[in-house]
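Asks: Pasting a structure here, questions to come.
The values are calculated or read from the model by the stated rules, or taken from the named source; none is laboratory data. Worth saying up front: this structure is predicted, and the values here are computed from it rather than measured. Please note: Cβ atoms are built from the backbone with ideal geometry, for glycine as well, and neighbour counts cover all protein chains shown.
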Amino acid sequence: MSTLELKNVFKRYRVRGSGLRSHELIAVNDVSFTLESGKTVALVGQSGSGKSTIAKLLLQLEHPSEGTILLDGEPISRRGRGLRDYRNQVQMVFQDPFASLNPYHSVAHHLERPLKLHGRARSREDVDAGVARLLERVRLTPTDEFALKHPHELSGGQRQRVAIARALAPSPTMLIADEPVSMLDVSIRLGVLNLLAGLQREEDLGVLYITHDLATARHFSDEILVMYRGEIVERGPADEVILNPRHEYTKLLAAAAPNPELRLKQLSGA
Ligand code: ADP
Ligand code: MG
């Protein structure tokens, strides 16, 4: 079993006010949690609460001001081979499937690069077979047709599936999904979330599902962390946090989504 852990992590930014003044903004304030392979943890909170900063810290796009991040109990390395290994193991699905794919490149091109980089495929046949397997895993079939398409020929949901396939290419153990469906049509959100849930089960992935939607957080996660102004103000098994919220902010969130079953029905287009 693999684990990815944040231990008392802080992230502070200096932000400039008017004139010469600057002040410190605490985007992440003493956050600790563990992501395990085969489990989904939802990180829930309103805009500006620090969710994406946590994603950036986990991807090493940013570094903690204080505190440590551990992979399988070892502090993560910031450079060299250790960093490359880490980047293979911890992959990301971004919010915007338009921005994350290159309009000039085919679907196959997007998937070949990581397959080659991570040394999983060398010969032409290996690469083609690898691309086909990835497309199958995200249910983009017939795979030979999808491989040749360009991003503009795909729907938002299909594009997000390509982004997921690309994230799977280096055989990660952890997937960080920052609002992976919030830019997609409501009617196809559930399909993409079901795909992620299936991958998590079949491939024993650990998933950090970042969202502001409590209904899907409850449905798709084992554990929910509620973030408010940089801090985790409430955490626990998904049902418990939703049915029995203790923190005022969670109560507000839960009240704003009074009927998760109905909300899921709406999402599935029923
Ligand atoms: P969320 O993803 O929950 O909407 P973010 O993690 O993006 O929140 O942002 C948390 C806070 O940190 C916000 O107040 C945001 O403006 C601030 N912030 C994020 N990145 C930076 C940065 N690079 N420089 C300064 N402030 C930042
Ligand atoms: Mg964000």
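Asks: Of the numbered conditions (1) at pLDDT 95 or above; (2) within 20 Å of the chain's Cα centre (by Cα); (3) surrounded by fewer than 16 Cβ atoms within 10 Å (Cβ to Cβ); (4) charged (D, E, K, R), residue 84 fails exactly one; give the number of that condition.
Replies: (1)
Asks: Counting only residues that are part of a strand (DSSP E or B) and touching a residue at least 60 places away in the same chain (Cβ under 8 Å), which one in the stretch 33-56 is nearest to ligand 2 (Cβ to nearest atom)? Even if it seems obvious, please write down each step before you answer.
Replies: Of the residues in the stretch 33-56, the ones part of a strand (DSSP E or B) are 33-36, 40-44.
Of the ones still in play, those that are also touching a residue at least 60 places away in the same chain (Cβ under 8 Å) are 33, 35-36, 40-44.
Values: 33: 17, 35: 18, 36: 23, 40: 18, 41: 16, 42: 14, 43: 10, 44: 12 Å.
Ranking the qualifying residues of the stretch 33-56, first place goes to 43.
Asks: So if I check each of 139, 166, which one is touching a Leu at 6+ places or on another chain (Cβ under 7 Å), over 23 Å from residue 240 (Cα atoms) and in a loop (DSSP other than H, G, I, E, B)?
Replies: Sole residue among the options that is touching a Leu at 6+ places or on another chain (Cβ under 7 Å), over 23 Å from residue 240 (Cα atoms) and in a loop (DSSP other than H, G, I, E, B): 139.
Asks: Would you confirm whether or not the stretch 214-227 contains a residue that is of a type in the set (Asp, Glu) and either within 16 Å of ligand 1 (Cβ to nearest atom) or free of Cβ contacts under 8 Å to residues at least 12 places away in the same chain (or both)?
Replies: For the stretch 214-227, residues of a type in the set (Asp, Glu) and either within 16 Å of ligand 1 (Cβ to nearest atom) or free of Cβ contacts under 8 Å to residues at least 12 places away in the same chain (or both): absent.
Asks: Kindly indicate whether any position in the stretch 20-29 is away from ligand 1 (no atom under 15 Å from the Cβ), modelled with pLDDT of 95 or more and either touching a Leu at 6+ places or on another chain (Cβ under 7 Å) or assigned to a strand (DSSP E or B) (or both).
Replies: No: the stretch 20-29 contains no residue that is away from ligand 1 (no atom under 15 Å from the Cβ), modelled with pLDDT of 95 or more and either touching a Leu at 6+ places or on another chain (Cβ under 7 Å) or assigned to a strand (DSSP E or B) (or both).
Asks: Hey, could you check the stretch 41-98 for residues that are closer than 20 Å to residue 229 by Cα and among the charged types (D, E, K, R) and say which is farthest from ligand 1 (Cβ to nearest atom)?
Replies: Only one residue tops the list, namely 66.
Asks: Taking the criterion of being more than 16 Å from ligand 1 (Cβ to nearest atom), hydroxyl-bearing (Ser, Thr, Tyr) and in a helix (DSSP H, G or I), would at least one residue in the stretch 115-135 satisfy it?
Replies: No, the stretch 115-135 contains no residue that is more than 16 Å from ligand 1 (Cβ to nearest atom), hydroxyl-bearing (Ser, Thr, Tyr) and in a helix (DSSP H, G or I).
Asks: For residue 4, are the conditions met, namely being more than 10 Å from ligand 1 (Cβ to nearest atom) and outside any helix (DSSP H, G or I)?
Replies: Taking the combined requirement at face value, the residue satisfies it.
Asks: Next question. When you scan the stretch 51-72, do you find a residue that is within 17 Å of the chain's Cα centre (by Cα) and of a type in the set (Ser, Thr, Tyr), even just one?
Replies: Yes.
Asks: Considering the stretch 220-242 alone, what residues qualify as being assigned to a strand (DSSP E or B) and of a type outside the set (Val, Ile, Thr)?
Replies: Result: 223, 225, 227, 228, 231, 234, 235, 236, 237.
Asks: Go over the candidates 62, 66, 112 one by one and state the one that is in contact with a helix residue (DSSP H, G or I) (Cβ under 8 Å, 6 or more places away or on another chain) and under 25 Å from residue 27 (Cβ atoms).
Replies: When all the criteria are applied, what remains is 62.
Asks: Moving to a separate point now. Does residue 187 satisfy the condition of being assigned to a loop (DSSP other than H, G, I, E, B) and not aromatic (Phe, Trp, Tyr)?
Replies: Spelling it out, it is not the case that residue 187 is assigned to a loop (DSSP other than H, G, I, E, B) and not aromatic (Phe, Trp, Tyr).
Asks: Can you tell me which residue within the stretch 21-32, out of those that are free of Cβ contacts under 8 Å to residues at least 24 places away in the same chain and charged (D, E, K, R), is nearest to ligand 2 (Cβ to nearest atom)?
Replies: Here the residue is 24.
Asks: Within the stretch 59-67, is even one residue of a type outside the set (Asp, Glu), surrounded by fewer than 18 Cβ atoms within 10 Å (Cβ to Cβ), outside any loop (DSSP other than H, G, I, E, B) and more than 13 Å from ligand 2 (Cβ to nearest atom)?
Replies: Checking the stretch 59-67: at least one residue is of a type outside the set (Asp, Glu), surrounded by fewer than 18 Cβ atoms within 10 Å (Cβ to Cβ), outside any loop (DSSP other than H, G, I, E, B) and more than 13 Å from ligand 2 (Cβ to nearest atom).
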